Structures are given as C-alpha cells and as structure tokens.
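Reading through the structure tokens given below for one structure.
The values are calculated or read from the model by the stated rules, or taken from the named source; none is laboratory data. Keep in mind the model is a prediction, meaning the values are calculated, not measured. When we count neighbours, we look across all protein chains shown, and the Cβ atoms used for this are built from the backbone with ideal geometry, even at glycine. Just so you know, the surface numbers come from the protein's heavy atoms only, side chains and all, with ligands and any DNA or RNA stripped out. Shrake-Rupley method; radii C 1.70, N 1.55, O 1.52, S 1.80 Å.
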Amino acid sequence: MLSQAKGFYVVAQTTFDESGALDLASLDTLIDFYHRHGVDGFTCLGVAGEAAKLTPEEALAVATRYIERAQGKPVIVGVSNPSLAQLRELTARVMDRGAAGVMIAPPNGLKTEEELLGYFATVFAQIGKVPTVLQDFPFSSGVWMSVTSIAKLVANHEQIELLKEEDLPSITKITRLRDAGGRRIAIMTGNNAMFLPLELGRGADGPMAGFSHPEMLAGVYRLHTAGKVEEAYDLFDRYLPLLNYESQSQWGVAVRKEVMRRRGAMRHATMRVPGPKLTAADLAEIDRLLRRLERSLAASRA
C-alpha cells in the first residue's frame, strides 16, 4: 500500500534522441542507472519528466517501460491532465500494466475549496479505487491547497494514500499535516529535495525527487532513518551547490540531464521542445560544480 511507502522514489526523466524523438533504448540505460544508485521506487511522467510534451501513446510507452524494468519496485505514474477523459484512460491503462498507483495534481483554474473537493470527487468517481498520490505543487498547478482542504480530501477519498508535498515552506506544512490527525497517509517531499534532511526531521517518509546524483538522496534518507542525522546533513551539504543549480525549473532539468549524460545514464541530454538549451557558459559552470563536488567527495574519503 502506498500509505506505507517509505524510502527514495526517484522522479524519473524521459529520454529523447538528438531529434527529439522518444529514445526507449536510452530509457533502459537510465532505469538501470537508477537501480544502481539506490532507488526504492519510481515516479514517472511528472513535471520534470516532461509529461506535457508527450503524446498519449508515448506517455503509455514510457510508463510501461518503467513498470516492466522496475524489478518489483513500485512505479507511480503521473496522470494529471486538464482532460478528465485522458486522465481516466491513462490511469486505466497503466494500472492494467502493473503500476502501483497514479499521481494527480489539481488542474489550474480551481479557485475555491468547493471546486477543489468537487474536482476530486469527480475524478475518483471516474477512476474508481486506484491508489493515488495527491501532488501539492501550487507553483506548477496554480492551486493552493490548505492543510484543512488536504485533510478533507484524505477523509473523503480512501484512494489518496500518499501526499507529495511541494508547497513552501514545506517543513512547516509537513508538521501541520502530521498534527492534523485523521487517517495517516505517507508524505514524501519534492522541490528537488532542496530541504530533505529538514523534511525528514519533520516527519516526511522520504524524498520523491530527482537529482543527477540519486545516490545522495538515497544515502541521506538511509543515514537519517538510521539515526545518523549529522552524517546525513554532511552528505547533503557536499552535493548542495549542484542540487541548488539543478533546482531551477525546466532549465534545471536540462542541467540534470546533461550531468546524467556525462555519467552514462542516458545517450543524449535532449529536452523536447519547447525547452531550454544549455549554452557554453552553462556547460562551463557545470564543469566547475562537478570538479568541486569531486574534490569535496575525495576529501570526505581521505
């Protein structure tokens, strides 16, 4: 059950070739990379996965590939869509293929709590008893959900088993959500894991985030849950300059893909258009950040 989810669920990228066509062979390499670097689960077709740039057939192909190569680890598929018909269809198809659940954010344009509650009542009437991650990402969706509204959604819909919390300040909202009582669901954190050790200290069950060095997110989670909190902070701090650099919306995703390309995770760092392209100055900054990271890691091993 997703309500018992713990660990590191990577927000997974989608791979394209130099022309912008979907590259499933490179996706296989990427999934293997994620496995080698400590992921406990996958979240595909999210915002950072460029889901909005895919055709329905491509979205299904990407989700299917993650499910088939997950090695038994849970795969959550983002299905948010202004079209409820498309949301319903993709949900049914990925669940038939073995997804652990779907992730849904409220669509842009909801202005009141009544509209929010009504929207999700309609969604769940359409998709049925599908385990669901509620994504609280107002800076993307344009919908701000209060703690009270989230608590009502959880009380009204047993399908909601996990909350991906990406509002800011996330740490205080996690505390308020845990203090709200009611049925306990898992809470995982996004925002590129920028506040991960703090969020774990507030009661989060792990990161649901992407980073070019996923082993850091896995390591911080494992150290923190083992009671080695200072060591978790030390590990986090070594990677923080690069994490910061990657945490710049879609441009940051382009950076992440370039670093992962250099690490052998994918053949091309292509962002499907419309999307940013890195300049020579950007690449030089990446060079510097990676050199400094390597020196920091070497010093920590000495």
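Read through the list (1) under 30 Å from ALA151 (Cα atoms); (2) small (Gly, Ala, Ser); (3) not in a helix (DSSP H, G or I), then give the number of the only condition that ALA218 fails.
Single failed check for ALA218: (3).
Test ARG202 against the criterion of being touching a residue at least 40 places away in the same chain (Cβ under 8 Å) and over 18 Å from the mean Cα position of the chain (by Cα), and give yes or no.
no
Output the number of the condition that ASP287 fails; it satisfies all remaining conditions of (1) at pLDDT 95 or above; (2) part of a loop (DSSP other than H, G, I, E, B).
(2)
Looking at this structure, is SER296 among the polar types (S, T, N, Q) and farther than 30 Å from LEU177 by Cβ?
Details: among the polar types (S, T, N, Q): yes; farther than 30 Å from LEU177 by Cβ: yes.
So SER296 fits the description; yes.
Checking the conditions here, which among GLY38, GLY20 is touching a residue at least 60 places away in the same chain (Cβ under 8 Å), in contact with a Ser or Thr (Cβ under 9 Å, 6 or more places away or on another chain) and outside any helix (DSSP H, G or I)?
GLY20
Give the residues of segment 171-193 that are in contact with a helix residue (DSSP H, G or I) (Cβ under 7 Å, 6 or more places away or on another chain) and either under 16 Å from ALA105 (Cα atoms) or open to solvent by less than 20 Å² (accessible area, probe 1.4 Å) (or both), sorted by residue number.
If the condition is that a residue be in contact with a helix residue (DSSP H, G or I) (Cβ under 7 Å, 6 or more places away or on another chain) and either under 16 Å from ALA105 (Cα atoms) or open to solvent by less than 20 Å² (accessible area, probe 1.4 Å) (or both), then LYS173, ILE174, ILE185, ALA186, ILE187, THR189, ASN191, ALA193 are the ones that fit.
May I ask you to say which residue of ALA298, ALA254 is part of a helix (DSSP H, G or I), open to solvent by less than 60 Å² (accessible area, probe 1.4 Å), small (Gly, Ala, Ser) and in contact with a Lys or Arg (Cβ under 9 Å, 6 or more places away or on another chain)?
Among ALA298, ALA254, only ALA254 is part of a helix (DSSP H, G or I), open to solvent by less than 60 Å² (accessible area, probe 1.4 Å), small (Gly, Ala, Ser) and in contact with a Lys or Arg (Cβ under 9 Å, 6 or more places away or on another chain).
Report every pair of residues separated by at least 6 positions or lying on different chains whose Cβ atoms are under 7 Å apart, first residue within segment 52-64 and closer than 13 Å to ASN81 by Cβ, second open to solvent by 20 Å² or more (accessible area, probe 1.4 Å) and small (Gly, Ala, Ser).
Filtered contacts from segment 52-64: ALA59/ALA51.
Please go through segment 260-283 and pick out each residue that is surrounded by fewer than 21 Cβ atoms within 10 Å (Cβ to Cβ), of a type in the set (A, V, I, L, M) and assigned to a helix (DSSP H, G or I). Outline the logic, then answer.
Step one: filter segment 260-283 for residues surrounded by fewer than 21 Cβ atoms within 10 Å (Cβ to Cβ), giving 261-264, 267-268, 272-283.
Next, from what is left, pick out any that are of a type in the set (A, V, I, L, M): 273, 278, 280-281, 283.
Matches in segment 260-283: ALA280, ALA281, LEU283.
Looking at this structure, is LEU168 under 26 Å from ALA12 (Cα atoms), in a loop (DSSP other than H, G, I, E, B) and open to solvent by 10 Å² or more (accessible area, probe 1.4 Å)?
yes
Just to check your reading of the model, which residue among LEU200, LEU153 is in contact with a His (Cβ under 8 Å, 6 or more places away or on another chain) and over 16 Å from GLY41 (Cβ atoms)?
Of LEU200, LEU153, the one residue that is in contact with a His (Cβ under 8 Å, 6 or more places away or on another chain) and over 16 Å from GLY41 (Cβ atoms) is LEU200.
Here is a yes/no grid of residues against (1) over 27 Å from VAL102 (Cβ atoms); (2) out of contact with any Leu (no Cβ under 8 Å at 6 or more places or on another chain); (3) open to solvent by 20 Å² or more (accessible area, probe 1.4 Å):
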{"position": "PRO207", "(1), (2), (3)": "no, no, no"}
{"position": "PHE211", "(1), (2), (3)": "no, no, no"}
{"position": "TYR221", "(1), (2), (3)": "no, no, yes"}
{"position": "GLY227", "(1), (2), (3)": "yes, yes, yes"}
{"position": "LEU243", "(1), (2), (3)": "yes, yes, no"}
